[in-house]
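Here's the structure we're looking at; comments come further down.
The values are calculated or read from the model by the stated rules, or taken from the named source; none is laboratory data. This is a predicted model, so every value here is computed, not measured. Glycine gets a Cβ as well: all are built from the backbone with ideal geometry, and neighbour counts include every protein chain shown. What goes into the accessible areas is simple: the full protein's heavy atoms, side chains included, and nothing from ligands, DNA or RNA. Shrake-Rupley method; radii C 1.70, N 1.55, O 1.52, S 1.80 Å.
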Amino acid sequence: MTFEAERRALQRVVAVAGLVPVLGGLYGVLFGQAGLGGGSVDISTDSHLRYLSGLLLGIGLLFWSTIPAIEGRTSLFRFLTMVVALGGLARLLGLWLTGVPSLTMLAALGMELVVTPLLCLWQIRVANRAGEQVPPPLPDP
């Protein structure tokens, strides 16, 4: 696969994968705790869920911001991956402490601890290949 084809493929995959945090975050912002179903809504829990959903939305938008020049956004991509993976580790701890959550939450865990780190490794590969595309500087006369 050529560099440009791989770059475009990564951009497309990040665009699609970015739908998860953007739509999930937007849903949480708009519907809060009531969007999860169940019984009565605790105002403080609802507020906290909406805040965290706003952060999730922001993470998705920041991932999308890397798309146009994805080969040059390694630092931001790594930072966002670290944030997502830390959230995934917290979710994994919750699984151990409180039990197995819904299938939706398990899918989110897979995105956080598997898909996002793999995308980060792919972004690093594309960034490294981009560096190989730059011709060496001309020697001084």
Task: Given (1) of a type outside the set (Ser, Thr, Tyr); (2) in contact with a Gly (Cβ under 9 Å, 6 or more places away or on another chain); (3) buried (at least 17 other Cβ atoms within 10 Å of the Cβ), index of the condition LEU52 fails - done: (3)
TODO: State all residues of the range 84-94 that are open to solvent by less than 50 Å² (accessible area, probe 1.4 Å) and either modelled with pLDDT under 95 or touching a helix residue (DSSP H, G or I) at 6+ places or on another chain (Cβ under 7 Å) (or both); if no residue qualifies, say none.
DONE: VAL84, ALA85, GLY87, GLY88
Open item on the list: If I filter the range 1-27 down to residues being without any contact (Cβ under 8 Å) to a residue 24 or more places away in the chain and of a type in the set (Val, Ile, Thr), which single residue comes out as farthest from GLY60 (Cα to Cα)?
Closed with: THR2
Task: Candidates GLY32, GLY38, GLY28, filtered to the one that is outside any helix (DSSP H, G or I), farther than 23 Å from TRP122 by Cα and more than 14 Å from the chain's Cα centre (by Cα) - done: GLY38
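Taking VAL41 as the residue in question, decide whether it is open to solvent by 30 Å² or more (accessible area, probe 1.4 Å) and touching a residue at least 40 places away in the same chain (Cβ under 8 Å).
In short, no.
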Task: Condition check for SER65: under 24 Å from GLY18 (Cα atoms) and either open to solvent by 40 Å² or more (accessible area, probe 1.4 Å) or in contact with a helix residue (DSSP H, G or I) (Cβ under 8 Å, 6 or more places away or on another chain) (or both) - done: yes
TODO: Looking only at the range 54-77, decide whether some residue is in contact with a Cys (Cβ under 8 Å, 6 or more places away or on another chain) and either without any contact (Cβ under 8 Å) to a residue 40 or more places away in the chain or among the hydrophobic types (A, V, I, L, M, F, W, C) (or both).
DONE: yes
Open item on the list: So VAL100 ticks every box in (1) open to solvent by less than 60 Å² (accessible area, probe 1.4 Å); (2) more than 23 Å from ALA5 (Cβ to Cβ); (3) of a type in the set (Val, Ile, Thr) but one. Which box is left unticked?
Closed with: (1)
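Pull up the range 103-141, narrow it to residues that are within 16 Å of LEU52 (Cβ to Cβ) and over 13 Å from the mean Cα position of the chain (by Cα), then point me to the one that is surrounded by the fewest Cβ atoms within 10 Å (Cβ to Cβ).
Looking at the filtered set, the residue picked out is THR104.
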Open item on the list: Tell me whether the range 112-128 contains one or more residues that are at pLDDT below 95 and not small (Gly, Ala, Ser).
Closed with: no
TODO: Kindly provide the set of residues from the range 1-53 that are of a type in the set (S, T, N, Q) and closer than 19 Å to PRO101 by Cβ, ordered by number.
DONE: GLN33, THR45, SER53
Task: Set GLY94, GLY88, GLY131, GLY60: member being part of a helix (DSSP H, G or I) and closer than 14 Å to VAL14 by Cα - done: GLY60
